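Visitor: Got a structure here, written out as structure tokens. Questions coming.
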Amino acid sequence: MTLNSKFRDIYAHPVGRDILDKLLVQTGKPAWLINNGIIGNVTLGAVQRLTRGWLTPSFFEALLALLNIEPDAPDANNAAATPAWWKEAVFYQIYPRSFAPNGLRGIIAKLDYLRDLGVDAIWLSPVYDSPNDDNGYDIRDYYKILPEFGTMDDMDALIAGLHERGMKLVMDLVVNHTSDEHPWFQAALRDEHSPYRDFYFFRVSDNGPPNNWTSLFSGSAWNYYQEQKVWALHLFSKKQMDLNWECPALREEIYKIVRWWLNKGVDGFRLDVINFISKTEGLPKGDSFVGTLMGYTGIERYFYGPRLHEYLKELRARAFEPYKAFSVGETPGIGVQMGRLLSDSYRRELDLIFSFDHLETPGHSRFDDYRYDLSYLKRIYQTHLNADRGHGWNTLFFNNHDNPKFLSKVDPEGAYVQPLARLLAILQLTLRGTPFLYQGDEAGTQNQPFTSIDEIHDVESLGLYAELIKTMPPNKAFKRILAGTRDHARTPLCWEELERQRGDPASVRQFYRNLIALRRSSKALIYGELVFLRPKDKTLLSYTRTLADECFYIEANLSPTTRRSAAPCGAELLFGNYAGSPSTLRPYEARIYRINKLSKPM
Ligand code: GLC
């Protein structure tokens, strides 16, 4: 690709398509703008001339560099998915700080609860030794358990307890960075000749930070060490130092860590910000337009770096494959096509990825106070799930420890929590992909009514607040924090509420339990073909799942107003989030029907 390449060709390129789609989403522009005959024939060079003064040459240089990194396109093969335990499993994420009192012992005490809910596997957020600047995502010792969570014996007991119940354990693997208190970093900082010096990005620069990259947690991505007169790179907090994967000895250490835990019996890993591990050689400066648009300057230099595929293939071959271990990568900023190149089965990189395309609507970011429109979810799902046929497989989730509650984004006043929580459950357990529940989903948990910045603990929110109050009044800054803070997802799970819901057939908990059992009872809901119906209807999401003779029809009213159902005649209602099945769908009503394969949904 060069400046002479036409927009049409760039849009046909997997990376080009994802980037242009992202730009369209961020600017709220429709896809036809790029995908039409006139603009399609325009060359990149012509756009550069037309946008002079607005888009810098470095934008085009960075775009071309990204396009030219990727020689491959996803394989168009539409063969049926090969079975795997992690495609059939229902995962449940545990954030150990707030799941239950008493750390690992507390989790062990809840295993029967999880099994009863129908959970097959747990993803456990970090429990390693850490100074907790970012709640454990800053690891000081990969081979030690943080004392407040327990001991290595407790960890062994957890693994055994899960396996006894036929469940699996996926640990969090944070290897884009370590804590600044990790002995590698300490040795590297103290001695420039240390063998660990090359594990990190140290730079000497007399006139400010070595480049203009900003941290995802606000401010410069470089920390200056006065005594040593050296800068070191941290894409996250000042205590999360980026690791240099170019260094072969570092990669060996990482394989050692992974194998050590797999030897213990762990079944796989969730790989934290794993798409950030390959930084463009020379750490060139980031483009300011991309920085403003995406919120982080420099991101185009590392979110899909030149050696990413190579590192992932090596990590898989050297550490995961010998154990047949499972991997799911957290991949912020990765779109549909790049996602397939990272996780399609024939690529032998990751098994799954978490894409975040569905969590933010056009023109909005997490800290904007806005109401999420579910018709956007439909648009994103149609694109992602249609693209991910054949070799591809998806993750299905609405919450995790990094986001305010999805329920509250859709319905900030909480007027429709009861039907909405169940609607989301229906989608999560009947679409094509692996469901990842976050603790509290099964209780219909909403955002917290924080009233002051003193109640906020998260390092990301506090960094952003400090930045915001430089230019806006504190109450306005707090409003932004309130809309997006990760603390909404980190307050203690309300066991009293879950206990209250136990055995109550009308509870959200029981609804999840029944749906999980339904999914387990039917291969059509797991491997069945997914066909979206009425693709342009903004308020109705409807689809079928079909395998052999079994067929389900699912429909969901995505709006708070009533509308007609499109269920076929003679369909047998299995589940719904309201009682009865009149011909109108009530606010956020969702239903699952069993239908005859030949009957046509309307
Ligand atoms: C991931 C984690 C998040 C953490 C960040 C840095 O996004 O999910 O909690 O702060 O990586 O490790």
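Visitor: Grab the beta carbon distance between residue 506 and residue 386, set R0 = 35 Å, and tell me the FRET efficiency rounded to 0.05.
Guide: Using R0 = 35 Å, I get an efficiency of 0.50.
Visitor: Moving to a separate point now. How much accessible area per residue does the chain have, in Å², with a 1.4 Å probe?
Guide: Working: 23900 Å² over 602 residues.
On a per-residue basis, the chain sits at 40 Å².
Visitor: Translational diffusion coefficient of the stretch 429-489 at 4 °C, 1.567 mPa s, Stokes-Einstein with Kirkwood Rh over Cα pairs, in µm²/s as a whole number.
Guide: The Stokes-Einstein estimate is 97 µm²/s.
Visitor: Using 0.36 nm times the number of residues separating residue 113 and residue 538, minus their current alpha carbon distance, what extension gain do you get? The partial results should precede the final answer.
Guide: Values: separation 425, 0.36 × 425 = 153.00 nm, distance 3.79 nm.
Result: 149.2 nm gained on full extension.
Visitor: So which aspartates and glutamates pass the test for residue 29, namely a Cα distance under 18 Å, with those fewer than 8 places away in the same chain ruled out?
Guide: Within reach: 18, 21, 357, 360, 373.
Visitor: Rg (Å, one decimal) plus Dmax (Å, integer) for the alpha carbons of the stretch 437-588?
Guide: So, for the stretch 437-588, Rg and Dmax equal 20.9, 63 Å respectively.
Visitor: Points 7 angstrom from Cα along the Cβ direction at residue 85 and residue 496: gap in nanometres?
Guide: 3.8
Visitor: Per 0.36 nm of contour for each residue apart, how much would the distance between residue 51 and residue 521 grow if the chain were fully extended, relative to their Cα-Cα spacing?
Guide: On the way: separation 470, 0.36 × 470 = 169.20 nm, distance 5.62 nm.
Extending this stretch completely gives an extra 163.6 nm.
Visitor: OK, next. Okay, which of the stretch 559-595 sit inside 19 Å, backbone N to the point 7 Å along the Cα-Cβ direction of residue 375?
Guide: 559-566, 585-590
Visitor: When the convex hull of the C-alpha atoms of the stretch 67-135 is computed, what volume per residue in Å³ does it have?
Guide: Values: hull volume 12.1 nm³, N = 69.
Looking at the stretch 67-135, the number lands at 176 Å³ per residue.
Visitor: What's the Kirkwood radius of the chain in Å, using all Cα pairs? Intermediate results must be reported in sequence, preceding the final value.
Guide: Numbers: mean 1/r = 0.0395 Å⁻¹.
Taking every pair of different Cα atoms in the chain, averaging 1/r and inverting gives 25.3 Å.
Visitor: What is the ratio of the Cα radius of gyration of the stretch 96-218 to 2.2 N^0.38 Å, where N is its residue count, to two decimals? Before the final figure, lay out each step's value.
Guide: Values: Rg = 18.5 Å, N = 123, 2.2 N^0.38 = 13.7 Å.
Here the Cα radius of gyration is 1.35 times the empirical estimate.
Visitor: For the chain, give the percent of accessible area contributed by carbon and sulfur heavy atoms, probe 1.4 Å, rounded to a whole number. Walk me through the numbers on the way to the answer.
Guide: On the way: 12770 of 23900 Å².
Here carbon and sulfur together make up 53 percent of the probe-accessible area.
Visitor: Jot down the radius of gyration and Dmax of the stretch 219-276, Cα atoms only, both in angstrom.
Guide: Rg and Dmax of the stretch 219-276, Cα atoms, are 14.9, 44 Å.
Visitor: Extending each Cα 7 Å along its Cβ direction at residue 415 and residue 252, get the distance between those two points in nm, one decimal.
Guide: Spacing of the two 7 Å Cα→Cβ label points: 6.4 nm.
Visitor: OK, next. Under a crude label model (7 Å from the Cα following the beta-carbon direction), how far is residue 281 from residue 475 in nanometres?
Guide: Taking the two extended label points, one gets 5.6 nm.
Visitor: Restricting to DSSP H runs of at least four residues, report the calculated mean residue ellipticity at 222 nm for the chain, -39500 (n - 2.57) per run over all residues, nearest 500 deg cm²/dmol.
Guide: Working: 23 runs with 206 residues, N = 602.
My calculation for the chain gives -9500 deg cm²/dmol from helical runs alone.
Visitor: Rounded to two decimal places and with Rh computed the Kirkwood way over Cα pairs, what is Rg over Rh for the stretch 508-600?
Guide: Details: Rg = 12.9 Å, Rh = 13.6 Å.
Ratio value, two decimals: 0.95.
Visitor: Give me the three principal axis extents of the stretch 203-320 from the C-alpha atoms, as integers in angstrom, largest value leading.
Guide: Extents along the principal axes, in whole Å: 48, 36, 23.
Visitor: Next question. Check the straight Cα-Cα distances from residue 168 and name the lysines below 18 Å, setting aside those fewer than 8 residues away within the same chain.
Guide: Within the straight-line limit of under 18 Å, residue 168 reaches these lysines: 87, 110, 264, 324.
Visitor: Let me ask something additional. Give, rounded to the nearest 20 debye, the magnitude of the charge dipole that the chain has about its Cα centre when Lys and Arg contribute +1 at Cβ and Asp and Glu contribute -1 at Cβ. Write out the running numbers ahead of the final one.
Guide: Details: 71 positive and 73 negative charges, 418 e Å.
Dipole magnitude for the chain comes out near 2000 debye.
Visitor: Also: Mind listing P(r) for the stretch 469-558? All alpha-carbon pairs, 10 Å bins, whole percents.
Guide: 13, 21, 24, 25, 12, 4, 0
Visitor: Which one of 237, 213, 201 is farthest out on the positive end of the charge dipole of the chain, using unit charges on Cβ (Lys, Arg +1; Asp, Glu -1) and the Cα centre as origin?
Guide: 213
Visitor: Report the semi-axes of the equivalent ellipsoid for the stretch 116-159 in whole Å, largest first, where each axis is √(5λ) for an eigenvalue λ of the Cα gyration tensor. Provide the component values of the computation, followed by the final result.
Guide: Details: eigenvalues 94, 36, 12 Å².
Each semi-axis is √(5λ); the values are 22, 13, 8 Å.
Visitor: Of all the C-alpha pairs in the stretch 321-461, what % are more than 26 Å from each other?
Guide: On the way: 2865 of 9870 pairs.
In whole percent, the share of Cα-Cα pairs in the stretch 321-461 beyond 26 Å is 29.
Visitor: How much length would be gained if the chain were fully extended between residue 76 and residue 292, taking 0.36 nm per residue of separation minus their Cα-Cα distance, in nm to one decimal?
Guide: Full-extension gain reported as 74.3 nm.
Visitor: Any of 6/538; 238/470; 22/479; 378/523 with alpha carbons more than 30 Å apart? Name them for me.
Guide: Working: 6/538 32 Å; 238/470 20 Å; 22/479 26 Å; 378/523 23 Å.
Flagged as over cut-off: 6/538.
Visitor: Mind ranking 44-57, 216-229 by how tightly packed they are, going by the mean number of other C-beta atoms within 10 angstrom, highest first?
Guide: Working: 44-57: 13.1, 216-229: 16.4.
Those peptides, ordered most packed to least, come out 216-229, 44-57.
The values are calculated or read from the model by the stated rules, or taken from the named source; none is laboratory data. None of the values given here were measured: they were computed from a predicted structure. Quick reminder, even Gly has a Cβ in these numbers, built from the backbone with ideal geometry, and neighbours come from all protein chains shown. Accessible surface areas use protein heavy atoms only, side chains included; no ligands, DNA or RNA. Shrake-Rupley method; radii C 1.70, N 1.55, O 1.52, S 1.80 Å.
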